[in-house]
Structures are given as structure tokens and as C-alpha cells.
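**Student:** Questions regarding the structure given below will be posed in turn.
Just so you know, all these numbers are worked out from the coordinates, no wet-lab data involved. Note that the structure is predicted; figures quoted are calculated from it, not measured.
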């Protein structure tokens with residue numbers, strides 16, 4: 001979770017107003033699942049969860065903001081983007097003529113794949 005906190009702090013770039021956290025022991029004598037909520041002065045809220053007993057490996061960060069949802073999957077190296085634009089014509093221009101999918105990195109993989117998903 002420490003890396004997730006670093007990511008949030010670098011993206012939000014504002015002062016922390018408050019932090020609350022909790023953990024629960026499920027199969028061991030120490031917390032197996034932890035949840036932290038960080039509130040920032042500008043109103044942004046980050047909810048972080050870490051589990052060492054999850055049945056599925058997951059390293060995702062999701063951002064919700066006005067007219068957009070962004071999902072970053074660090075394990076799969078993928079980004080999902082859901083955007084509400086004024087028109088689909090603007091959406092097509094925003095995609096720069098592609099299929100709504102792309103990959104970065106040019107050449108031997110390892111780049112970040114992105115996917116656009118929504119238009120109103």
C-alpha cells in the first residue's frame with residue numbers, strides 16, 4: 001500500500017486534511033486486509049485497500065472525476081478511460097482516428113496499452 005500512497009500523493013498534489021484506517025485479521029493474528037481513507041484539502045478523497053489473502057492478484061488504481069473515469073491496471077499494464085464528451089464527433093477527434101485502442105512503447109512491448117470506452 002505504500003506505493004499506492006506515493007502515487008496518490010504525487011497525483012493529488014495538495015495537503016492531506018485527514019487520514020483514517022482500519023484492518024482486519026482473517027487467517028492470521030495480524031491484519032490481513034487493510035483499508036485507508038485519505039482526505040485532501042481540495043476535497044479529493046482516496047480510498048486504498050490492500051489484501052494479502054485475496055484470491056486474485058490485483059494492482060489497480062481508479063480515478064473518478066467530473067465526466068471521466070480512469071482505471072490503471074499496473075499488473076496488466078493497461079489503462080481504461082471512460083469519458084463523457086459533448087458529442088461523438090468530438091470523441092472521434094479526441095481518439096486521433098484510431099480504433100479506440102493503442103499501445104505505447106514502440107518496438108518490443110512493455111508499453112502501456114490504453115482503451116477508450118465511452119461516448120455520449
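**Student:** Averaging sequence separations of C-alpha pairs under 8 Å and six or more residues apart, then dividing by the length of segment 1-55, give the relative contact order as a whole percent.
**Tutor:** Details: 80 pairs, mean separation 17.7, N = 55.
It rounds to 32 percent for segment 1-55.
**Student:** Averaged across orientations, what area in nm² does the convex hull of the alpha carbons in segment 1-55 project?
**Tutor:** Across all orientations, segment 1-55 yields a mean hull projection of 4.1 nm².
**Student:** Roughly speaking, what is the stretch gain from residue 47 to residue 17, that is 0.36 nm per residue apart minus the C-alpha to C-alpha distance, in nm to one decimal? If you can, show how the numbers build up before the last one.
**Tutor:** On the way: separation 30, 0.36 × 30 = 10.80 nm, distance 1.38 nm.
Contour length minus the Cα-Cα distance gives 9.4 nm.
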